[in-house]
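**Student:** Pasting a structure below so you can have a look.
The values are calculated or read from the model by the stated rules, or taken from the named source; none is laboratory data. From a predicted model like this one, the values you see are computed outputs, not experimental measurements. Positions of Cβ are backbone-derived with ideal geometry, glycine not excepted, and every protein chain shown enters the neighbour counts. Ligands, DNA and RNA are excluded from the accessible area calculation, which covers all protein heavy atoms including side chains. Shrake-Rupley method; radii C 1.70, N 1.55, O 1.52, S 1.80 Å.
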Amino acid sequence: MATLDALLDRQVLFFGGKGGVGKTTTAAATALAASRRGRRVLLVSTDPAHNSGDVLGRPVGPEPVDIVPNLRAVEIDAAREAARYVGEVKSRVATLFGPSILKEASRQIDLAASMPAAEEVALFDRIASIVADRADDTDLVIFDTAPTGHTLRLLRMPELMDGWLRALTRSRRAMLGIQQDDRTDPILVSLAERLDRLQAFKARLLSRRVTAFVLVLMAERLPIEESARALAQLDEAGIGVGALIVNRVLPSGSTDPFLQARQSQESEYLQDIDRRFASLLRCRVPQLPRDVHGLDALETIAAALCPGGPS
Ligand SMILES: Nc1ncnc2c1ncn2[C@@H]1O[C@H](COP(=O)(O)OP(=O)(O)O)[C@@H](O)[C@H]1O
Ligand SMILES: [Mg+2]
């Protein structure tokens, strides 16, 4: 069976899949394995239902905390990012146009910020800046993401934002009555900077050497269907799927009739997975007797996923 070892030298890994399949567990285990091999890892949870603290066995919050040498973890929260984003927009408006304009614009900014998409945009902005400006003290960023649909929308956001920034640039130029970029206009300069950063993010997201998406599932019907859909959409978006993790595989050889029945169903689904995802690297993680809580249990998962040596 394949292992995840080959992915540990990437710079960005996204772990995605249906709720409850083990994204947080396998993302944290992979982060631990990479840190043990000397890569400086930042584990980033973007799922509003944060539970990385629970898996790591210590509190994790909105600022990165040290877990073990070479491993830090952070939980980013869409509402908090949106508030921060709005604060930044306001201070930019204040510097560009002065406090009286800010007072007028504030109501509209607050209104825009209360739209449902605002949190998504702010979260995307934070993810993009973590990826694009990957700090000098980090070799590998691992994103433990929200259930599939949400994450896929987020990863398609560059296209939307690109179109939106270009439209804003055109209307600003039209307003100033110019054809080309005017490096003296602060709004055009700021739009050009944002476009540059977006391009940098896109280039890193789409590079197979830099980024891989890891799909996590269990050998059950619904997660299989959801993974197949996600794979198609990621392909369409040009994002490489680096591996598929089949989590919670039952131990074999039980004589208990109930477990035998479960296992015979599982083995059909495992065959189905091997057939439908034949082109992907596929790893299996055993079902442990207990929930995965704390570093010792994570080591067991890490050993199954990344045993070291050639995969
Ligand atoms: N291989 C495993 N063996 C036993 N329990 C597991 C395993 N993988 C995950 N779990 C448990 O399943 C639950 C859901 O896992 P989690 O990683 O939080 O899923 P997700 O992040 O996809 O919602 C947790 O209680 C976790 O401890
Ligand atoms: Mg989770």
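**Student:** Count, please, the residues in segment 23-45 that happen to be closer than 14 Å to VAL12 by Cα and open to solvent by 10 Å² or more (accessible area, probe 1.4 Å).
**Tutor:** 3
**Student:** Given LEU217, LEU305, which one is in contact with a Gly (Cβ under 9 Å, 6 or more places away or on another chain), touching a residue at least 24 places away in the same chain (Cβ under 8 Å), crowded, with 16+ Cβ neighbours inside 10 Å and closer than 23 Å to ALA6 by Cβ? Quick ask: steps written out before the conclusion?
**Tutor:** Details: LEU305 fails: in contact with a Gly (Cβ under 9 Å, 6 or more places away or on another chain).
None of the others qualify; the one that does is LEU217.
**Student:** Cβ contacts < 6 Å: first residue over 20 Å from LEU43 (Cα atoms), restricted to segment 280-298; second residue in a loop (DSSP other than H, G, I, E, B) and open to solvent by 60 Å² or more (accessible area, probe 1.4 Å), any location; separation 6+ or different chain. Result?
**Tutor:** Cβ pairs passing all conditions: ARG284/MET1.
**Student:** Then there's this: Hey, among the residues in segment 136-150 that are away from ligand 1 (no atom under 11 Å from the Cβ) and open to solvent by less than 10 Å² (accessible area, probe 1.4 Å), which one's farthest from VAL214 (Cα to Cα)?
**Tutor:** THR138
**Student:** I'm trying to understand the selection: among the residues of segment 82-118, which are open to solvent by less than 80 Å² (accessible area, probe 1.4 Å) and touching a residue at least 40 places away in the same chain (Cβ under 8 Å)?
**Tutor:** ALA82, TYR85, LEU96
**Student:** So which strands (runs of 3 or more DSSP E) stay within segment 1-116 end to end and still have 2 or more residues that are over 30 Å from SER279 (Cα atoms), more than 16 Å from ligand 2 (Cβ to nearest atom) and more than 19 Å from the chain's Cα centre (by Cα)?
**Tutor:** Working: elements: 12-16, 41-45, 65-68, 71-75.
Result: 65-68.
**Student:** So, one more: Could you tell me whether segment 129-139 includes any residue that is within 16 Å of ligand 2 (Cβ to nearest atom) and in contact (Cβ under 8 Å) with a residue 40 or more places away in the chain?
**Tutor:** Quick first cut of segment 129-139, residues within 16 Å of ligand 2 (Cβ to nearest atom) only: none.
Checked segment 129-139: no residue is within 16 Å of ligand 2 (Cβ to nearest atom) and in contact (Cβ under 8 Å) with a residue 40 or more places away in the chain.
**Student:** Hey, any hits in segment 226-249 for a residue that's assigned to a loop (DSSP other than H, G, I, E, B) and surrounded by 16 or more Cβ atoms within 10 Å (Cβ to Cβ)?
**Tutor:** First, the residues of segment 226-249 that are assigned to a loop (DSSP other than H, G, I, E, B): 238-240.
Within this subset, residues satisfying the condition of being surrounded by 16 or more Cβ atoms within 10 Å (Cβ to Cβ) are 239-240.
Yes, segment 226-249 contains at least one residue that is assigned to a loop (DSSP other than H, G, I, E, B) and surrounded by 16 or more Cβ atoms within 10 Å (Cβ to Cβ).
**Student:** Hey, another quick one. Only residues that are part of a loop (DSSP other than H, G, I, E, B), closer than 28 Å to ALA31 by Cβ and open to solvent by less than 50 Å² (accessible area, probe 1.4 Å): list them for segment 250-301, please.
**Tutor:** Hits for segment 250-301 are LEU250, PHE277, LEU280, LEU288, VAL292, GLY294.
**Student:** Report, by residue number, each residue of segment 14-33 that is farther than 14 Å from ALA73 by Cβ and among the hydrophobic types (A, V, I, L, M, F, W, C).
**Tutor:** Within segment 14-33, PHE14, VAL21, ALA33 qualify.
**Student:** Please go through segment 49-66 and pick out each residue that is in contact (Cβ under 8 Å) with a residue 24 or more places away in the chain and of a type in the set (A, V, I, L, M, F, W, C). Steps first, answer last, please.
**Tutor:** Pass one, segment 49-66, residues in contact (Cβ under 8 Å) with a residue 24 or more places away in the chain: 49-52, 54-57.
Hits for segment 49-66 are ALA49, VAL55, LEU56.
**Student:** Evaluate the following for VAL12: is it closer than 23 Å to LEU217 by Cα and near ligand 1 (Cβ under 8 Å from one of its atoms)?
**Tutor:** On the way: closer than 23 Å to LEU217 by Cα: yes; near ligand 1 (Cβ under 8 Å from one of its atoms): no.
Spelling it out, it is not the case that VAL12 is closer than 23 Å to LEU217 by Cα and near ligand 1 (Cβ under 8 Å from one of its atoms).
**Student:** Which of the residues that make up segment 1-19 are open to solvent by 10 Å² or more (accessible area, probe 1.4 Å) and closer than 17 Å to LEU152 by Cα?
**Tutor:** Residues satisfying the conditions are LYS18, GLY19.
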